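Asks: What follows is a single structure, and I will ask about it in a moment.
The values are calculated or read from the model by the stated rules, or taken from the named source; none is laboratory data. None of the values given here were measured: they were computed from a predicted structure. Methodologically, a virtual Cβ is constructed for each residue, glycine included, from the backbone with ideal geometry; neighbour enumeration extends over all protein chains shown.
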Amino acid sequence: MSDAFGPGALRLVGVMARLAGWPPDRFWQSTPADVAAVLAGWTREDGADEMGREALAAMMEVFPDGG
């Protein structure tokens, strides 16, 4: 087993908390396929770097403006 697993997993916990609102226990109970499915929802199907309207709306819901 690689020593890089722990730090990488901790970074991914943070990513899933910020992007999907997952608490740590939800992350640790999920499968890699669960995480991949959620993260795939934040990318465009055509692989373009531009953010689509739906992805922007999802981000705005997760990170609402404070004002």
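Asks: Just wondering, is there one or more residues in region 35-51 that are within 14 Å of the chain's Cα centre (by Cα), at pLDDT 85 or above and hydroxyl-bearing (Ser, Thr, Tyr)?
Replies: no
Asks: How many of the residues making up region 1-41 are of a type in the set (D, E, K, R) and in contact (Cβ under 8 Å) with a residue 12 or more places away in the chain?
Replies: First, the residues of region 1-41 that are of a type in the set (D, E, K, R): 3, 11, 18, 25-26, 34.
Now narrow it down to the ones that are in contact (Cβ under 8 Å) with a residue 12 or more places away in the chain: 18.
Total meeting the criteria: 1.
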